[in-house]
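The values are calculated or read from the model by the stated rules, or taken from the named source; none is laboratory data. Source: prediction; values computed, not measured. Methodologically, a virtual Cβ is constructed for each residue, glycine included, from the backbone with ideal geometry; neighbour enumeration extends over all protein chains shown. Note: areas computed on protein heavy atoms with side chains; ligands, DNA, RNA excluded. Shrake-Rupley method; radii C 1.70, N 1.55, O 1.52, S 1.80 Å.
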Amino acid sequence: MKKILVTGGSGFIGSHTCLLLLEEGHEIFVIDSHINSSPKSLERLSTIIEAENIFLNGKLHIYKGDLRDNKILKKIFLDANKNGGSIDAVLHFAGLKSVSESFNSPMLYWDANVNSTINLLKVMEANNCKTIIFSSSANIYNSKTPQLTTENSEINPVNPYGRTKAVIERILTDIFESASDTWRIANLRYFNPIGAHPSGFIGEDPQGVPSNLFPFITQVAAGRRKELTIFGNNWPTKDGTGVRDYIHVMDLAEGHLRALKYLLDSKPRLLNLNLGTGKGTSVLELIETFEKVNKVSIPYSFVNRRKGDLPITIASNELCKTCLNWTPQRTLEDMCRDGWKWQLQNPKGYFNSNENF
Ligand code: WQD
């Protein structure tokens, strides 16, 4: 089993991946600033794990901190060396991810996403840790066509958030090319992760008003929001609403473990992989599926298009299928069922906020 540093491990994708890492017996060191996540997600992991009769035996180490703080990063690597061994690989989830926020606060995004990563890579190199899986995004593409987006599609992000992801990939490529006989790097380009662990104990819990569609739908269904506003009904798509490639967060987490195993078992390389299902779903289709599966009603109205949105984004996932021998297993119905169970069991998410809704 390995020692894995997980940055942003309290977040939506990070917490679901940490669960699978612990279930597989790895020792994990989680660093998270909780700027956009709750520490409660990791507390819930222990509940799930113990319910599965898996005993943590000190394999979950949690550090509250920011990747721009050298001291805490160095401490983590020192702690990992204490009882023999060292950090074998890093899963780098930490980052800000709201497209709309990145338009309003670009410097916040460049600092939080790019400077954090540069500092992390420096500390990794100083500790001779040269295996990293980076949480990249479909936002680096500029897909204006209904064709499937492949890893060789044009990289030309249309928002600051996507630009930070593309620049980090560029930095990782430069590092790899400077020492291609030592670094193992995977850029995992997520399409649209939604849903939750089937237990309903962990899930997506955006702070404030959700900028993403699925958590907004679950909050409308839970009565936290009055209605959903749909950004545009005149897109060049099947029903005029935006089409996306939604992937179950558990499939995404499993994809990370496959990528980790692949990197650790392979000679040094750099890998770019789309993590999606290859299926497109419109906003109206997602609403309809959610209502049917969960027997709820989602009131909505149409408004103007949102700045930075694209009409259609669907992954070609052929490369991850062949390279990782991995295919997403869960359906859109599973995503809707699991996501709703999380929201029902956690009407206010992890935070017991006094938010009036
Ligand atoms: C999906 C569709 C909207 C909200 C995000 C971000 C980023 C990324 C995941 C990792 C679009 C429509 C949305 C609403 C709506 N994560 N919509 N009303 O735009 O693909 O981007 O993807 O990189 O978080 O880039 O996802 O969920 O915001 O939007 O009509 O209140 O739903 O127009 O067509 P998107 P999204």
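Using Cα pairs under 8 angstrom and six or more residues apart, how large is the relative contact order of the stretch 101-249, in percent? Rounded, it is 21 percent for the stretch 101-249. In terms of packing, defined here as the mean over residues of other Cβ atoms within 10 angstrom, the peptides 162-168, 293-299 line up highest first as 162-168, 293-299. Excluding ligands, DNA and RNA, the accessible surface per residue across the chain is 42 Å² with a 1.4 Å probe.
Using C-alpha pairs under 8 Å with a sequence gap of at least 6, the mean separation divided by the residue count of the chain gives a relative contact order of 19 percent. Please report the net charge: other residues with Cβ closer than 14 Å to the Cβ of Arg330, K and R +1, D and E -1. Summing Lys/Arg as +1 and Asp/Glu as -1 gives -3. Spin-label model, Lys261 to Leu344: label points 7 Å out along the Cα-to-beta-carbon direction sit 3.3 nm apart.
All other residues with a Cβ under 11 Å from the Cβ of Ile4 taken together, and with Lys, Arg as +1 and Asp, Glu as -1, what is their net charge? Please list the in-between numbers first.
Numbers: positive: Lys2, Lys3, Lys59; negative: Glu24, Glu27, Asp88.
With Lys, Arg at +1 and Asp, Glu at -1, the net is 0.
The angle between the Cα long axis of helix 283-294 and the longest principal axis of the Cα atoms of the chain comes to about 90 degrees, rounded to the nearest 10. The length gained by stretching the chain between Thr173 and Lys82 to full extension, at 0.36 nm per residue less their Cα-Cα distance, is 29.6 nm.
Residues whose amide H falls under 5 Å from that of Thr327, counting only those 5 or more places apart or on a different chain, are absent, with hydrogens built in the peptide plane.
Each listed q (0.06 Å⁻¹) maps to a log10 I(q)/I(0) for the chain, found by the Debye formula over equal Cα scatterers with no solvent: -0.20. Its Cα gyration tensor gives the stretch 194-310 an equivalent ellipsoid. The semi-axes, each the square root of 5 times an eigenvalue, are 30, 19, 13 Å from largest down. From the square roots a ≥ b ≥ c of the eigenvalues of the alpha-carbon gyration tensor of the stretch 1-49, which class results: rounded (a/c under 1.5), prolate (a/b over b/c), or oblate? It comes out oblate by the Cα gyration axes.
Set the Förster distance to 22 Å, then compute FRET efficiency between Asp334 and Glu288 from the Cβ-Cβ distance, nearest 0.05.
Numbers: r = 16 Å, r/R0 = 0.72.
Approximately 0.90, to the nearest 0.05.
Note on the chain: with neighbouring protein chains present and a 1.4 Å probe, carbon and sulfur make up 51 percent of its accessible heavy-atom surface. Applying the criteria of a DSSP loop state and at most 16 other Cβ atoms within 10 Å to the GluC sites (Glu not before Pro) of the stretch 276-357 yields Glu355. Subtracting the Cα-Cα distance of Ser297 and Ala51 from their residue separation scaled by 0.36 nm leaves 85.2 nm.
Distant-in-sequence amide contacts of Ile62, defined by a placed amide H-H separation under 5 Å and a gap of 5 or more residues or a different chain, comprise Val30.
Each residue of the stretch 229-243 is assigned a 3J(HN,Hα), and the resulting list reads 9, 9, 7, x, 10, 10, 6, x, 10, 4, 10, x, 10, x, 10 Hz, derived from the Karplus form 6.51 cos²θ - 1.76 cosθ + 1.60 (θ = phi - 60°), x at Gly and Pro.
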